[in-house]
Amino acid sequence: MTSVLLDASILASKLLLKTLPFMLLGVLLAEFIVALGVVEKLSWLAKPITRFSHLREECGVSFLLAFISPTAANAMLADYYEKGFIEKKELFIAAMINSFPAIVMHWRYLLPVVVPLLGVAGVIYFGTLMLVGLLKTTLLMLVGRLVLEGGDTSLKPDADIEAGRGRGRAVSNPNPDPALRVREAFRKSLRASEPVMKRMVVITVPTMFLVCLLMEVGAFDALSSLLGGVAASLPVPPDALGVIAAHLGHHTAACTVASGLLAAGRLSVRDVVITLLFGNVLASVTTALRFFTPHYVSIFGPRVGLELMAVSTAIRDGIALVLIAALMLLW
């Protein structure tokens, strides 16, 4: 048992070093951007999305940041929600829209694997994953347009806000000296973000340790075996079951197995694409519990984080299943 605890602690420490700094940076960056008054200068880039979705301009800045660091972008949204600048429904819509940049950036590690191994099948598979993300974002933009109020969607101060009693935040008069203005904005952002960052650390560390402990005792391996049994009932060729089982471990393993079966003529391009998509849907369950739980819970808190993770995963998998059905019928 001591060895398991030690291994879990080491793994949790490694993962925390990779994720926690970006989460804290996102909170600090959110406060710094607002204190510096650059939201209006950046928000125009994402204005078509925010305007159509009735999201605030600051959510557009978060969307742009998600192309660089999804963790920092979501931490920015969490900071706005924590301070009451956006409501829960706007937080959910903005956070799930932020997932699209992360999907787009998957090309960095997915394309170098799927294209050399699978050729045309790999290109189609990757394109379908991008389409899932695009459809999810489009759907959420439509939901935002229907459920969020339109009109002025920026966090502009009013008398109550300046007095600290309302939603939004006050904006101080800009310092004529740019260097002094930047330093003052940084000091303000540090003061404003400190409570949120402390809460984030308190939640993140034990959550990450718990997830790593479950990994070490084999809880996720058992879940993968259970899902592997589900794969036997899927409408795919028997040879494809090995691909799905491998996908529950890692997408590279799945592509490697699929490549061999494709080269041997035991699976067609159609079979490979549909099988990998099924494997992606099943793997999303373990991925959500293993990786997304620490991410969402640490950033948004236990209740909101788990709700957001569940809704986001359900929407993505639902769209993926619809596309799989369409491919099976039309291809």
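The values are calculated or read from the model by the stated rules, or taken from the named source; none is laboratory data. A quick note: this is a predicted structure, and the numbers were derived from the prediction, not measured. Please note: Cβ atoms are built from the backbone with ideal geometry, for glycine as well, and neighbour counts cover all protein chains shown.
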Legend entry - Inter-residue pairs, beta-carbon under 6 Å, first farther than 17 Å from Y125 by Cβ and in the range 233-252, second polar (S, T, N, Q) and assigned to a helix (DSSP H, G or I), 6+ apart: none
Inset, instruction - Please indicate, with yes or no, whether at least one residue in the range 298-308 is without any contact (Cβ under 8 Å) to a residue 60 or more places away in the chain, among the hydroxyl-bearing types (S, T, Y) and either surrounded by fewer than 18 Cβ atoms within 10 Å (Cβ to Cβ) or touching a helix residue (DSSP H, G or I) at 6+ places or on another chain (Cβ under 8 Å) (or both). - result: no
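Yes/no per residue for (1) buried (at least 19 other Cβ atoms within 10 Å of the Cβ); (2) at pLDDT below 70:
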residue: L111; (1), (2): no, no
residue: T137; (1), (2): yes, no
residue: V143; (1), (2): no, no
residue: P157; (1), (2): no, yes
residue: G164; (1), (2): no, yes
residue: R169; (1), (2): yes, yes
Inset, instruction - Would you be able to say whether some residue in the range 236-253 is modelled with pLDDT of 80 or more, on the phi > 0 side of the Ramachandran plot and surrounded by fewer than 18 Cβ atoms within 10 Å (Cβ to Cβ)? - result: no
Inset, instruction - Look at A94 and say whether it is at pLDDT 85 or above, crowded, with 20+ Cβ neighbours inside 10 Å and not in a loop (DSSP other than H, G, I, E, B). - result: yes
Inset, instruction - Kindly list, by first and then second residue, each pair from a residue in the range 189-217 that is over 16 Å from T293 (Cα atoms) to a residue that is modelled with pLDDT under 80 and of a type in the set (D, E, K, R), limited to pairs with Cβ atoms under 7 Å and residues at least 6 apart or on different chains. - result: S189/E31; A192/E31; S193/E31
Inset, instruction - Among the candidates I319, I315, I274, single out the residue that is β-branched (V, I, T), at pLDDT 85 or above, more than 21 Å from the chain's Cα centre (by Cα) and crowded, with 18+ Cβ neighbours inside 10 Å. - result: I274
Inset, instruction - Kindly indicate whether L148 is under 25 Å from the mean Cα position of the chain (by Cα), aliphatic (A, V, I, L, M) and modelled with pLDDT of 90 or more. - result: no
Inset, instruction - May I ask you to say which residue of F278, F291 is part of a helix (DSSP H, G or I), under 20 Å from T128 (Cβ atoms) and aromatic (F, W, Y)? - result: F278
Inset, instruction - Would you check if I124 is farther than 30 Å from T256 by Cα and either outside any helix (DSSP H, G or I) or modelled with pLDDT of 90 or more (or both)? - result: no
Inset, instruction - Any chance you could count how many residues in the range 54-91 are farther than 17 Å from Y296 by Cβ, buried (at least 22 other Cβ atoms within 10 Å of the Cβ) and small (G, A, S)? - result: 1
Legend entry - Condition check for M76: part of a helix (DSSP H, G or I), under 17 Å from H295 (Cα atoms) and at pLDDT 80 or above: yes
Legend entry - Members of the range 256-271 that are surrounded by fewer than 22 Cβ atoms within 10 Å (Cβ to Cβ), touching a residue at least 24 places away in the same chain (Cβ under 8 Å) and small (G, A, S): S259
